[in-house]
Amino acid sequence: MSDAENPSEFEPVQVFPETEEMDLRPGADNCYKCTTCDTACPVAEVDDGFPGPKFQGPEQWRLKRKEDEAVDDSIMSCSNCMRCDDACPSSVPLSQMHNTARGEYVDEQMDKLSREYLRNRILANYNTLAMLGSKVPRLTNAVMGNSLVQTVNEKLLGITGEREFPEFAEQTFREWWEERGGPQVRSEEKRVAYFHGCYSNYNTPEVGKAMVRVFESFGYEVVVPKQRCSGTPMFANGMLDDAKRAAGINAENFKGLIPEGYDIVASCTSCSMSLRQEYPELFDIDGIEDVSNHTYEAVEYLRIHEDLRGAVADATVSDQSFAYHAPCHARNQGLDRQAVELFRELDGVTIEDVGDSCSGISGTYGWKEEKYETSMAIGEEMFDHMHHAEGDVGMTECPTCSMQMNHGTGYEIKHPLQLLEEAIV
């Protein structure tokens with residue numbers, strides 16, 4: 001059989017030149033201006049002033065190839081939902097272009113003494129604030145929930161006062177983990193390292209606990225390495241130096257576990273997206289490819305390696321109905337249907353997909369005073385579908401999507417792992 005007849009034999013194409021500096025401009029040549037990315041962009045749909053992903057990515061890089069053009073400030077209105085990546089029929093690295101351009105804009109053009117920069121840096125480094133706030137959770141919750149404090153935050157920092165600040169848990173996930181004495185199951189064959197992220201640690205430790213108990217019920221040894229923020233809010237705010245430091249620490253703490261048989265699982269789809277895609281796209285760090293190749297979303301991992309569908313089909317829970325929203329970063333990983341497909345098999349549960357619209361909050365995006373109305377306009381379709389769904393409890397894998405769902409409907413929001421724990425543990 002000739003090479004032409006054998007589809008497994010091919011010559012790799014060098015898309016980017018072999019230089020030490022990543023240059024995305026050649027990738028722009030794959031764009032043939034079909035505007036599919038623009039029609040998929042939730043920001044462009046509600047904001048006529050936003051030029052859209054095609055301009056933010058390929059067009060800017062083409063301009064920069066011809067002459068030394070500055071990055072357009074509209075790059076800061078991109079929400080980093082990454083829907084454009086899925087929409088592009090030519091596999092143009094749009095979100096990689098956006099992240100790179102946003103980092104360049106922040107480094108070279110943004111006033112470091114401006115309110116916007118200070119606010120964005122605070123939001124991007126939520127882990128630092130959460131670490132401090134969780135030391136005295138009751139006091140922090142009382143202070144941050146005060147309407148006067150919220151008004152001051154809006155006036156001084158530009159953090160919207162329309163949203164309720166998420167409460168810190170009385171006990172963080174890591175405190176619980178240490179109190180229980182670490183892994184309760186030992187195994188040479190079934191091993192996972194849990195990337196819990198910031199929110200499951202400080203705000204919703206019940207999600208992390210559910211993850212551990214579910215995996216242990218299937219015989220997995222679970223370890224929880226020291227870790228930093230995944231970097232998702234840093235990418236979205238153009239703080240690439242901060243993101244690279246966090247990525248370096250995470251890669252160092254997780255890569256050594258891979259040769260010992262551990263895979264990496266995350267309960268937040270933005271965290272798994274960050275480790276899987278954004279790390280290797282943006283950073284040349286030792287071990288980053290191994291971390292990327294061995295990272296999974298938690299339910300996804302069990303669906304691959306266990307008869308999860310069978311376990312759920314054999315289970316019964318009390319009657320309950322859910323309105324499920326698939327986060328954009330779940331869609332980007334091909335996971336947008338997994339919770340609906342899985343829990344339709346669970347006796348006692350009714351679950352309804354509330355459509356493919358973006359929730360609108362996009363991490364820190366919807367927390368910015370000037371972006372709040374845009375975020376709510378994007379989320380309006382989801383809110384409407386939730387109100388018309390049979391269930392009055394929401395479900396999603398993304399912590400900030402859960403904030404938006406609760407904010408727009410008043411519904412209690414659960415993570416799929418919590419229902420899975422109820423069903424099989």
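The values are calculated or read from the model by the stated rules, or taken from the named source; none is laboratory data. The model shown is predicted, which means the values in this text are computed figures rather than measured ones. Cβ coordinates were reconstructed from backbone atoms using ideal geometry, including for glycine residues, and neighbour counts include every protein chain displayed.
Observations on the model:
- Close Cβ contacts (under 6 Å, 6 or more residues apart or on different chains) running from residues in region 77-95 that are closer than 12 Å to Glu278 by Cα to residues that are charged (D, E, K, R) comprise Leu94/Asp85; Ser95/Asp85.
- The residues of region 212-259 that are among the basic types (Lys, Arg) and more than 17 Å from Cys198 (Cα to Cα), listed by number, are Arg213, Lys255.
- Residue match in region 355-367 (condition: over 28 Å from Gly158 (Cβ atoms) and either of a type in the set (Lys, Arg) or within 22 Å of the chain's Cα centre (by Cα) (or both)): yes
- Complete set of residues in region 277-314 that are part of a loop (DSSP other than H, G, I, E, B), out of contact with any strand residue (DSSP E or B) (no Cβ under 7 Å at 6 or more places or on another chain) and not aromatic (Phe, Trp, Tyr): Asp284, Ile285, Asp286, Gly287, Glu306, Asp307, Asp314
- Taken together, the residues in region 94-110 that are over 13 Å from Asn332 (Cβ atoms) and in contact with a helix residue (DSSP H, G or I) (Cβ under 6 Å, 6 or more places away or on another chain) amount to 8.
- Residue check for Val152: of a type in the set (Val, Ile, Thr) and either in the same structural domain as Cys398 (by TED's automatic domain parsing) or farther than 21 Å from Thr400 by Cα (or both): yes
- Subset tally (residues that are closer than 19 Å to Glu300 by Cα and of a type in the set (A, V, I, L, M, F, W, C)) for region 324-367: 10
- When region 32-66 is limited to residues that are of a type in the set (A, V, I, L, M, F, W, C) and part of a helix (DSSP H, G or I), the one that is modelled with the lowest pLDDT turns out to be Leu63.
Listed here are the residues, each with its yes/no results for (1) assigned by TED's automatic domain parsing to the domain that holds Gly408; (2) over 26 Å from Ser359 (Cβ atoms); (3) in a loop (DSSP other than H, G, I, E, B).
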| position | (1), (2), (3) |
| --- | --- |
| Asp68 | no, yes, yes |
| Met76 | no, no, no |
| Cys81 | no, no, yes |
| Asp86 | no, no, no |
| Ser95 | no, no, no |
| Asn99 | no, no, no |
| Asn127 | no, no, no |
| Leu148 | no, yes, no |
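- Given (1) modelled with pLDDT of 95 or more; (2) surrounded by fewer than 24 Cβ atoms within 10 Å (Cβ to Cβ), index of the condition Glu397 fails: (2)
- Of everything in region 291-304 that is free of Cβ contacts under 8 Å to residues at least 60 places away in the same chain and of a type outside the set (A, V, I, L, M, F, W, C), the residue that is nearest to Arg337 (Cα to Cα) is Glu300.
- Test: residue in region 349-361 that is in contact with a Lys or Arg (Cβ under 9 Å, 6 or more places away or on another chain), closer than 15 Å to Pro327 by Cβ, crowded, with 18+ Cβ neighbours inside 10 Å and of a type in the set (Ser, Thr, Tyr): no
- Being among the hydrophobic types (A, V, I, L, M, F, W, C), over 13 Å from the mean Cα position of the chain (by Cα) and either at pLDDT 95 or above or not in a loop (DSSP other than H, G, I, E, B) (or both) is a property that Ala326 lacks.
- Positions within region 313-348 being buried (at least 16 other Cβ atoms within 10 Å of the Cβ) and either under 21 Å from Leu275 (Cα atoms) or not assigned by TED's automatic domain parsing to the domain that holds Glu390 (or both), in sequence order: Ala326, Pro327, Cys328, His329, Ala330, Arg331, Asn332, Gln333, Leu335, Asp336, Gln338
- Residues satisfying the stated conditions in region 217-274, i.e. part of a helix (DSSP H, G or I), in contact with a strand residue (DSSP E or B) (Cβ under 8 Å, 6 or more places away or on another chain) and either under 17 Å from Gly182 (Cα atoms) or assigned by TED's automatic domain parsing to the domain that holds Met131 (or both): Phe254
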